[in-house]
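Just so it is clear, none of the values below were taken in a lab; they were calculated from the coordinates. The shown structure was predicted, so the numbers you read here are calculated from the model rather than taken from an experiment. No Cβ is skipped: glycine too gets one built from the backbone with ideal geometry, and neighbour counts run over all protein chains shown.
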Amino acid sequence: MAAGPDEDRWWRGGVFYQIYPRSFADSNGDGYGDLPGIISRLDYLADLGVAALWLSPVTVSPNRDWGYDVADYCDIDPDFGSLEDLDRLVSEGARRDVRILLDLVPNHTSDQHPWFVDARRGRDAAHRNWYVWADPAPDGGPPNNWISVFGGSAWEFDEPSGQYFLHNFELQQPDLNWWNGDVRDAFDAIVRFWWDRGVAGFRIDVCNMMIKDARLRDNPPATEDDPLDQQLMGVRSVYNSDRPEAHDILRRWRAISDRYDPPRLLIGETNVEQLATLMQFYGNGHDELHGGFNFVFINAALDATSMRAIVEEVEATLPDGAWPLWTGSNHDVSRLATRWAGGEGAKVRCALMILLCLRGTPFLYQGDEIGLTDGPIDQADLRDAVGIRFWPYYKGRDPQRTPMPWSHAPGGGFSPAGVRPWLPLTDAARRNVADQVEDPDSVLSFTRRAIARRSGNEDLALGSYSSLDSPEDTWVFQRGRGTVVALNMSDAARETSGLRGSITLATDREREGHQVDGVVTMAPWSGLVVET
């Protein structure tokens, strides 16, 4: 059954929260976060006001790419607990009105997945055609010029069978062949397995790369005029990414989703740099993704002019009935407190006000709500294979995956004192949950007020968006009929005019409750919500 307005309200009007489970809460003192640890923090998350949690992969994996190399799609990795723990998380979350989304990794498996283990037995293996294999080029080299996202050729020669297999990421992550109907049927069963257990939906990893050109054509050389998302080490990635047939797969899953009551959510990692391309993943607004992550916005500077332009283009081009998503951090992207704000609290509050007040569903990444910055990573600390390969030019993704600091106690409240966490803690003495909970002027207290205001104001939750004229370096927009959001995104005070009503939310708590009528002076990097 297709979702109606009431069924959609929980996620359209709600706030989502991404958890990187290995770094959220360690329940058994082994230095790694786990599902029981998440369960132990559900009251905190419910009090924060979030509607749903998206968990990065918790399925069985040898962890070459920390869960994004799946060895069993229908079981929980013992590092995190068990299927029973996952079921308990779903049920305990439901008791608190918090739903659970999982990560789905359909582009590739681990090379230790039984499907690939069988595929390597030979050309006649039952699962051989479940992966992308090709004969060598005439010179004996790779079948074409495709490049791995993680560097080097995307092809690996399998000497016993005399063929190459495709891996668009790590060598240990062979790409599935989505032209094969058996692969599609297998994933239909996988999504039903989790949805039948009460999982509310999926975030779909690299969903724009699932299917490749059937003819395995060479990618053309890149030019300066090519879109950035199609340039990779001198070539345009047009034949191993963003193929139109990927939309057929998404429509198939959406049809399955709509048969559930309530329908299950499909959220895409749509890592494209063209907003027009992003819009394609919404289909007609009702038949593909419920939402796709906007990497044009994520990669923008914290700048009023550029961010406003992105939002206005999204509003102008989004299909009828579709709904935008907004986020500033995730497990692959430097945290917003570092990338956008440089660790400055005023800028962090400003960024959070943008995310929580735009039309669309905001996704917070664990620690955003306390202004957590990227962690200090030395070479000896590295766990990410990409960082290990490219050090010192690129530290990889470990800095944004460091453990959540729950307190300033030894171990940061993440692991017991004396236990070394899998990655170093990020300055728990300066930024942690326990201290900020008690401080009414903390980033955490502001985030809680902002989520509560969004929940209590239908304009902010579901209302329309329209830009309003405002001075340079400011961004003023109206939500719904009677709510205006004003942001000063500069290092100097700015005056805005035409604001009338009560300030119901402000980055400076002392301004909340004041009445305004006309010209308002805004401090540097500050924001106000004014309701008539």
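What to note about this one:
- If you bin all the Cα-Cα distances of segment 3-43 at 10 Å, starting from zero, the percentages per bin are 27, 32, 23, 15, 2.
- Taking a ≥ b ≥ c as the square roots of the eigenvalues of the Cα gyration tensor, segment 39-84 is prolate, since a/c reaches 1.5 or more and a/b is larger than b/c.
- Residues E510, E312, E224 arranged by fewest to most Cβ contacts within 10 Å: E224, E510, E312
- Across the chain, Cα pairs under 8 Å and at least six residues apart give a relative contact order of 12 percent.
- Volume per residue for segment 320-400 equals 109 cubic angstrom (convex hull of Cα atoms).
- Each peptide in 135-145, 434-444, 71-81, 402-412 gets a packing score, the mean of other Cβ atoms within 10 Å over its residues, and the list from highest to lowest is 402-412, 71-81, 434-444, 135-145.
- Prolate/oblate/rounded call for segment 114-166, Cα gyration tensor, a/c under 1.5 rounded: oblate
- Simple rule: put +1 on each Lys or Arg Cβ and -1 on each Asp or Glu Cβ in the chain, find the dipole, and look at A452, P399, W10; the Cα lying farthest toward the positive end is A452.
- Segments 62-69, 92-99 sorted - mean Cβ within 10 Å per residue, highest first: 62-69, 92-99
- Residue-wise HN-Hα couplings along segment 258-272, as the Karplus relation 6.51 cos²θ - 1.76 cosθ + 1.60 with θ = phi - 60° gives them from phi, are 5, 7, 8, 10, x, x, 8, 8, 10, 10, x, 7, 9, 7, 10 Hz; Gly and Pro carry x.
- Taking only alpha carbon atoms, segment 464-531 gives an Rg to Rh ratio of 0.92, where Rh is the Kirkwood radius.
- Cα point-scatterer Debye curve for segment 389-507, base-10 log of I(q)/I(0) at q = 0.10 Å⁻¹: -0.54
- Approximating the spin labels as points 7 Å out from Cα along Cα→Cβ, the D124-to-L83 distance works out to 3.4 nm.
- Gyration tensor verdict on segment 213-343 (Cα atoms; rounded if a/c is under 1.5, prolate if a/b is larger than b/c, oblate otherwise): oblate
- Bridges between two residues of the chain, per DSSP, are antiparallel at a rate of about 65%.
- Using the rule -39500 (n - 2.57) for each DSSP H run of four or more residues, divided by the residues of the chain, the 222 nm mean residue ellipticity is -7500 deg cm²/dmol.
- Here, segment 91-228 has an Rg and a Dmax of 17.8, 62 Å when only alpha carbons are counted.
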